[in-house]
1. Extending each Cα 7 Å along its Cβ direction at residue 156 and residue 175, get the distance between those two points in nm, one decimal.
2. Using a cut-off of under 15 Å, list every residue of the range 139-181 whose amide N is near the label point 7 Å from the Cα of residue 130 along the Cα-to-beta-carbon line.
3. Beta carbons within 10 angstrom, averaged per residue: use that to sort the peptides 93-105, 122-134, 163-175, 143-155, highest first.
4. For the range 85-182, what are the per-bin percents of Cα-Cα distances with bins 10 Å wide, up to the bin holding the maximum?
């Protein structure tokens, strides 16, 4: 049988024979794994067990989603085409200190036809060096979709209307995407 230190799973060494792992208990008795599990969660019962289970599931699912976000953004930014030609569409990423600032910038960019769409993604944390000191702030990320020919105008607009001394404006060209969406971006923004 398998051998473990005496404290593993709260069972004594002699209780860890093959019957423990193969569930060869007498009919009507709980097996030792079930007993150990029930003892471990004993303090949790009823609603508190449900709440703990739901909270654990929520944490696991949130972690899985957050873990995949960078890959999804990277994939969206780095799609490649066999032709290697650009699409004429770019993403610009801008951080904002509050929803109010992000919404004000987003509305103005869309109204001025500098952007077809602006996604505002809450809940990011930025760590950066400013005036010789490490700073950490909660921010929102703006993902601005525009024509590639308008990225310098977007950057100037953000610089002029943002509250930061040096706002983050990073743009990258989209090399592939759904043709109908790319066409919509071009039609929704002003011609250069």
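1. Between residue 156 and residue 175, the simple spin-label model gives 2.9 nm.
2. Residues 139-141, 162-169 fall inside that zone.
3. Details: 93-105: 18.4, 122-134: 9.2, 163-175: 14.5, 143-155: 20.4.
Answer by packing, highest mean first, reads 143-155, 93-105, 163-175, 122-134.
4. Percent of Cα pairs in each bin: 16, 47, 28, 8, 1.
Any read-out appearing in this document is the output of simple, stated calculations on the displayed coordinates, not a laboratory observation. Treat the numbers as computed from the prediction; the structure is a model and nothing was measured. We place every Cβ from the backbone using ideal geometry, glycine too, and count neighbours over all the protein chains shown.
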